[in-house]
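Enquirer: Sharing a structure with you now.
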Amino acid sequence: MSEREHAPHPPALPHRLADPVPVVLGGTALWFLGFLVVLLVDRSNSTLIWTTLSGGLLGIIGYGVFYWQRRAARRGSRGAQQGLDDA
């Protein structure tokens, strides 16, 4: 038998480390916080305003796609990604 067949498997991550929801929502909140800071400090810098606003909006869209895929995986949809129902 090969060495690969006897290699121990790593333990599964704890649920709190495997769940991406806090990171996604926290990152989205930080983008919106940055947007508010830019509005208060340097309203004339349109590049920063649009960058931070876009970051927050893309975070919301990304979370929506993640939530949609997770729901599809939980209900057993054939086109859903695998492994999302445990996260």
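The values are calculated or read from the model by the stated rules, or taken from the named source; none is laboratory data. Values in this document were obtained by computation on a predicted structure and should not be read as measured data. Methodologically, a virtual Cβ is constructed for each residue, glycine included, from the backbone with ideal geometry; neighbour enumeration extends over all protein chains shown. In case anyone asks, the SASA skips ligands and DNA or RNA and just uses the protein heavy atoms, side chains included. Shrake-Rupley method; radii C 1.70, N 1.55, O 1.52, S 1.80 Å.
Enquirer: Per DSSP helix of 4 or more residues, -39500 (n - 2.57); summed, then divided by the residues of the chain. What does that give at 222 nm, rounded to the nearest 500?
Expert: That comes out to -21500 deg cm²/dmol.
Enquirer: Also, I was wondering about something else. Whenever you get a sec, line up Val24, Val38, Val65 from highest to lowest accessible area (probe 1.4 Å, protein heavy atoms).
Expert: Solvent-accessible surface, decreasing: Val65, Val24, Val38.
Enquirer: Taking 0.36 nm per residue of separation and subtracting the Cα-Cα distance, what length does fully extending Ser44 through Phe66 add?
Expert: Length gained, Ser44 through Phe66: 4.5 nm.
Enquirer: In a Debye calculation with equal point scatterers on the alpha-carbon sites of the chain and no solvent, what is log10 I(q)/I(0) at q = 0.10, 0.18 Å⁻¹?
Expert: So the normalised log intensities are -0.45, -0.85.
Enquirer: Please check: in the Gaussian network model of the chain (C-alpha springs, under 10 Å), which one of Leu36, Leu57, Leu13 has the largest mean-square fluctuation.
Expert: Highest fluctuation among the options: Leu13.
Enquirer: Once the mean 1/r over all distinct Cα pairs of region 5-44 is inverted, what Kirkwood radius in angstroms do you read off?
Expert: About 13.3 Å, per the Kirkwood formula over Cα pairs.
Enquirer: May I pose another question? Taking the highest mean first, how do the peptides 43-50, 66-73 order by number of other beta carbon atoms within 10 angstrom per residue?
Expert: Descending packing order for the listed peptides: 66-73, 43-50.
Enquirer: Next question, about the same structure. For Val37, what accessible area in Å² do you get when you roll a 1.4 Å probe over the heavy atoms of the protein chains, rounding to the nearest 10?
Expert: Counting only protein heavy atoms, Val37 exposes about 70 Å² to solvent.
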